Amino acid sequence: MPFAVADSLVAHGVNPVLFALRGACDPVRVERFRHHWISVGQYGRAVSLFRAENCRDLVFIGTLVRPALSEVRLDWGTLRIIPRVLAAFRGGDDHLLSGIGGILERDGFRMVGIRDVAPDLLMPDGCLTRAAPDGSAVADIARGREVLKALGPYDIGQAVVVIDGHVVGVEDIEGTDGLLARVARLRAERRIRAKAGRGVLVKAPKSGQDLRFDLPTMGPRTVEGAIAAGLAGIAIVAGNTIVAEPQAVIETADAARVFVTGLPA
């Protein structure tokens, strides 16, 4: 996803600079762009590099496993703000990202979202696939959105699986791929008795979430997981969800006759 955003920026005449986190980025892909490597915890080094590159607008992109505080490599710039860093860690992922974003803003940077810089990567409204949700799937989608709205204030996850009105799984620390794998396992164990081809993965931002950070994301692997879980399709909120490799998403879904649809925000 970081590289899809960078490619989108280049296509629009903007030359991005990547500040890649050691251990979290693909070095081969990073080499395609102007870049610098930093370690988690090197806030002082990061700020110095941002300023040296004349980067005022910053975007958080990609996946990072939340580090233990013992794994953070502190520099003097980080020690200066350590009370605010500790406060940011005391909460869910959205709280952590918003907290770090707030620290950067106090140092004069502007945090922007993928919606601002690469809107072409966002899910459009309506069905992308030949298959479309039937009445049962529409009802499951509505239930899934209700559940996500209720869970939003607890900063738990951005996805839920609903089958015939029953909530069979909620996204947690293992992410959407883990959720779908869990549903597939429950089907294999016959803990879920509904026939294959029923049920929906519903994804949406958390209510009250700062939409500059950690937007829900899906790609071909998400579709493959939904197929393995025996679901009828995937429903994600249009305009607030990132779609990686959209053509591959459509081809994979159409081959398995599952739907992928964008919901009104």
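The values are calculated or read from the model by the stated rules, or taken from the named source; none is laboratory data. Remember, predicted model here, so these are calculated numbers, not experimental data. FYI the Cβ positions are ideal-geometry reconstructions off the backbone, even for glycines, and counts take in every protein chain you see.
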Do you know which residues across region 123-151 are touching a helix residue (DSSP H, G or I) at 6+ places or on another chain (Cβ under 8 Å) and surrounded by 14 or more Cβ atoms within 10 Å (Cβ to Cβ)? Leu128, Thr129, Ala131, Pro133
Cβ contacts < 6 Å: first residue touching a residue at least 12 places away in the same chain (Cβ under 8 Å), restricted to region 144-171; second residue polar (S, T, N, Q) and in a helix (DSSP H, G or I), any location; separation 6+ or different chain. Result? Ala159/Thr176
Among the residues listed as Val40, Val30, Val17, the single one being among the aliphatic types (A, V, I, L, M), within 25 Å of Glu174 (Cα to Cα) and not assigned by TED's automatic domain parsing to the domain that holds Ile242: Val40
Among the residues of region 195-212, is there at least one that is of a type in the set (Lys, Arg), touching a residue at least 40 places away in the same chain (Cβ under 8 Å) and surrounded by 21 or more Cβ atoms within 10 Å (Cβ to Cβ)? yes
In region 97-122, residues that are of a type in the set (A, V, I, L, M, F, W, C), crowded, with 17+ Cβ neighbours inside 10 Å and not in a helix (DSSP H, G or I) total 4
Out of the residues in region 238-265 meeting the condition of being assigned to a strand (DSSP E or B) and closer than 18 Å to Gly175 by Cα, tell me which one is nearest to the chain's Cα centre (by Cα). Ile242
Quick one: Pro27 ticks every box in (1) touching a strand residue (DSSP E or B) at 6+ places or on another chain (Cβ under 9 Å); (2) surrounded by fewer than 16 Cβ atoms within 10 Å (Cβ to Cβ); (3) at pLDDT 90 or above bar one, so which box is it? (3)
